[in-house]
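Novice: Here's a structure for you.
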Amino acid sequence: MRFVVTAGPTREYIDAVRFLSNPSTGRMGFAVARAARAAGHDVTLIAGPVSLKTPPGVTRIDVVSARDMLNAVRTVIARADVLVMTAAVADWRPACCATRKLKKSEMSDTLHLVRNPDILKSVRGPRVRVGFAAETGAPAAEAARKCREKGLDLVVGNDVTEPGSGFGTDTNRVTFVTPDGKVQRLPLMSKLAVARRIVSFVARRR
Ligand code: PMT
């Protein structure tokens, strides 16, 4: 199968040196790319700004902003069988961005934000669509809502406040939520082990 995996944060620039972002390191998404490739699949990894090495045999496209990520996904999705969105996409961006560094005296005390497109909602297909849900607290209910709203085959919920889970860790404790309402809570395990579970789920869905 042909996988498209997104990973890492997006950056939404205010001016040439300032941006809005989040703590995603890309580890979860790179683990999915590695596991999918190790299982023999063709993998395109669309990565926000992260400092990780590309897993062997994986095609990588680097992006910066949410709109860049959407364009990259649109470019490759027609050929894909599976989309796994682990990326922590910024939901808002500054209404305007200066191409040079603004002086403090030129900046206002309030930032005008506009909504970014929702990538999962914007792209049609492919056959299997997997999203993540980053929550502060038990993720099952929100994951179920996102599964319905975004028309997904699987949502992988994680509580980003829990030690060993979420941003920047090598491990994750996740909850799988499917459209039939089933909830499967997995124990704390390495992100690579979580990634293998996702790839197995996708293979069974085929
Ligand atoms: O990168 P790491 O440091 O390893 O951290 C991993 C992680 C915490 C980033 C990862 O496990 C995770 O939870 N990723 C999803 C983060 C997120 O943005 O969740 P969300 O609940 O805001 O978004 C729900 C889903 O919609 C996600 O699949 C997201 O990729 C997608 N989305 C969100 C916003 C947007 N504009 N477009 C989207 O497609």
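The values are calculated or read from the model by the stated rules, or taken from the named source; none is laboratory data. Just so we're clear, the structure is a prediction, and the values are computed from it rather than from any experiment. Using ideal geometry, Cβ is built from the backbone for each residue, glycine included, and neighbour counts are taken over all protein chains shown. Accessible surface is based on the protein model in full, side chains and every heavy atom, while ligands, DNA and RNA are left aside. Shrake-Rupley method; radii C 1.70, N 1.55, O 1.52, S 1.80 Å.
Novice: Just name the residue that is least open to solvent (accessible area, probe 1.4 Å) out of those in region 26-61 that are in contact with a helix residue (DSSP H, G or I) (Cβ under 9 Å, 6 or more places away or on another chain) and of a type in the set (Lys, Arg).
Specialist: Restricting to residues being in contact with a helix residue (DSSP H, G or I) (Cβ under 9 Å, 6 or more places away or on another chain) and of a type in the set (Lys, Arg), the top hit is ARG60.
Novice: Here is a check on your reading of the model: is LYS191 open to solvent by 40 Å² or more (accessible area, probe 1.4 Å) and basic (Lys, Arg)?
Specialist: It is false that LYS191 is open to solvent by 40 Å² or more (accessible area, probe 1.4 Å) and basic (Lys, Arg).
Novice: Considering only region 1-10, I want to know if a residue exists there that is more than 10 Å from the ligand (Cβ to nearest atom), open to solvent by 70 Å² or more (accessible area, probe 1.4 Å) and either polar (S, T, N, Q) or in contact (Cβ under 8 Å) with a residue 12 or more places away in the chain (or both).
Specialist: The answer is yes, given that some residue of region 1-10 is more than 10 Å from the ligand (Cβ to nearest atom), open to solvent by 70 Å² or more (accessible area, probe 1.4 Å) and either polar (S, T, N, Q) or in contact (Cβ under 8 Å) with a residue 12 or more places away in the chain (or both).
Novice: Test ALA133 against the stated conditions and say whether it is surrounded by 11 or more Cβ atoms within 10 Å (Cβ to Cβ), of a type outside the set (Asp, Glu) and in contact (Cβ under 8 Å) with a residue 12 or more places away in the chain.
Specialist: Spelling it out, ALA133 is indeed surrounded by 11 or more Cβ atoms within 10 Å (Cβ to Cβ), of a type outside the set (Asp, Glu) and in contact (Cβ under 8 Å) with a residue 12 or more places away in the chain.
Novice: Here's something else I'd like to know. With the structure loaded, tell me whether ALA78 is surrounded by 15 or more Cβ atoms within 10 Å (Cβ to Cβ) and among the hydrophobic types (A, V, I, L, M, F, W, C) or whether it fails that test.
Specialist: No.
Novice: Just for helices (runs of 4 or more DSSP H) wholly inside region 108-206: which have at least 2 residues that are more than 30 Å from CYS96 (Cα to Cα)?
Specialist: In region 108-206, the matching helices (runs of 4 or more DSSP H) lie at 140-149, 191-205.
Novice: Here's another thing I want to ask about it. Answer yes or no as to whether ALA95 is within 11 Å of the ligand (Cβ to nearest atom) and free of Cβ contacts under 8 Å to residues at least 60 places away in the same chain.
Specialist: no
Novice: Would you please name the residue that is nearest to ALA33 (Cα to Cα), looking only at residues in region 44-66 that are in contact with a strand residue (DSSP E or B) (Cβ under 8 Å, 6 or more places away or on another chain) and of a type in the set (D, E, K, R)?
Specialist: ARG60
Novice: Let me ask something else. Would you be able to tell me the number of residues in region 46-89 that are touching a Leu at 6+ places or on another chain (Cβ under 6 Å) and near the ligand (Cβ under 8 Å from one of its atoms)?
Specialist: Result for region 46-89: 1.
Novice: So, in region 95-117, how many residues would count as being touching a helix residue (DSSP H, G or I) at 6+ places or on another chain (Cβ under 9 Å) and either exposed (fewer than 15 other Cβ atoms within 10 Å of the Cβ) or closer than 22 Å to ARG74 by Cα (or both)?
Specialist: The total comes to 2.
Novice: Filter region 151-185 down to residues that are within 11 Å of the ligand (Cβ to nearest atom), surrounded by fewer than 20 Cβ atoms within 10 Å (Cβ to Cβ) and of a type in the set (Gly, Ala, Ser), then give me how many there are.
Specialist: 2
Novice: Moving on to the next point. Give just the number: which of (1) within 12 Å of the ligand (Cβ to nearest atom); (2) modelled with pLDDT of 95 or more; (3) more than 20 Å from VAL4 (Cβ to Cβ); (4) touching a Gly at 6+ places or on another chain (Cβ under 7 Å) does LEU188 not satisfy?
Specialist: (1)
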